[in-house]
Structure formats: C-alpha cells, structure tokens
Amino acid sequence: MGMDTLIINNKFLYIRKIKDYDVKYSYYNVMSVLPREYIKILTSLTIQEIEVKLKECKIFIIEDVNSKVIVGSGILSLLNYSSIVAIVGLIEEITIKKEYESAELRNEVINHLTEYCISEEKCIKCILKE
C-alpha cells in the first residue's frame with residue numbers, strides 16, 4: 001500500500017505516512033496540520049522515543065502534489081498494539097487546512113486510514129473517534 005493520489009476540487013493530493021524527512025525539511029508545514037498533543041510528542045521526545053510512539057500511533061499527512069504543501073493530517077492509534085490476537089485501529093483526529101477542507105477529502109482520509117489499518121496492521125476493526 002503506497003500513496004493514494006486524489007483529485008479533489010481540482011487539486012492533486014496524496015495521502016501518505018509521515019516520514020522523518022517531513023519533520024526535518026517541512027517542519028512548520030507539518031506542525032501547522034498536527035494536533036497540539038502530537039506537536040508536543042515530535043518536539044519533546046528523543047528520536048528513539050518517537051520511533052516507539054510511532055509503532056502504536058501512525059501519523060498520515062495529506063500533501064498537495066503540485067505545491068508540495070502539507071494540507072492536512074490523520075492520526076491512527078493502534079489499541080492493544082502488543083496483542084497478537086486483536087489489534088483495533090482508532091482514527092483519532094483528522095485535520096485539514098480550511099482552503100482544502102471538504103467532506104470528500106475527509107471521507108478519503110477515513111477510507112485510506114481504515115484500509116491501512118486492516119490491510120497493513122491486520123486490525124480486526126477500525127473505528128472513528130467522534
């Protein structure tokens with residue numbers, strides 16, 4: 001499962017997992033679309049601590065292909081991560097910049113995270129936190 005490329009409102013976007021490259025080279029761009037608690041995680045923990053955190057919490061970003069601007073993020077937590085029996089995915093938060101916000105994009109992010117959760121992490125189910 002790689003990147004999902006979408007065309008929404010005449011904008012060419014893709015959804016992918018965050019990379020250390022994003023934090024190093026697009027720091028402010030990334031931080032502008034993350035919930036406050038995740039900004040704290042990425043700014044206060046060591047690299048090793050972040051790697052451990054990212055095993056049970058996956059951060060996805062939405063990038064505008066043409067401008068290379070990061071326009072949103074989605075957070076997927078894996079509950080029961082250490083269990084070999086039943087991992088459950090929880091889509092915690094989806095943040096999208098105002099000028100890109102649409103029900104269509106929000107649904108695409110939910111679908112992408114759900115698909116990742118079931119196909120890549122072998123979750124028994126994926127729920128959306130309300």
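Quick note: the coordinates plus some simple rules give every number you see, no bench work behind them. Since we're looking at a predicted model, the values are computed, not measured. With ideal geometry, Cβ positions are generated from the backbone for all residues, glycine too; neighbour counts draw on all protein chains shown.
Cross-link partners for LYS55 among the aspartates and glutamates, with Cα-Cα distance under 20 Å and sequence neighbours closer than 8 places in the same chain left out: ASP20, ASP22, GLU37, GLU92, GLU93, GLU115, GLU120, GLU121.
Measuring between alpha carbons in the structure, the pairs from LYS17/LYS68; LYS11/LYS40; LYS11/LYS125; LYS11/LYS129; LYS98/LYS125 lying more than 20 angstrom apart are LYS11/LYS40; LYS11/LYS125; LYS11/LYS129; LYS98/LYS125.
Relative to the current alpha-carbon distance between GLU49 and ARG16, full extension at 0.36 nm per residue lengthens the span by 9.7 nm.
Each residue of region 5-14 was assigned a 3J(HN,Hα) from its phi angle through the Karplus expression (A = 6.51, B = -1.76, C = 1.60, θ = phi - 60°), giving 9, 10, 10, 10, 6, 6, 10, 8, 10, 9 Hz with x at Gly and Pro. Using a cutoff of 8 angstrom between alpha carbon atoms and counting only pairs six or more residues apart, the relative contact order for the chain works out to 22 percent.
Note on the chain: helix-only mean residue ellipticity at 222 nm, from DSSP H runs of 4+ residues weighted -39500 (n - 2.57) and normalised by residue number, equals -10500 deg cm²/dmol. Applying both filters, DSSP loop and at most 13 other Cβ atoms within 10 Å, to the trypsin sites (Lys or Arg not before Pro) of region 1-101 gives LYS19, LYS68.
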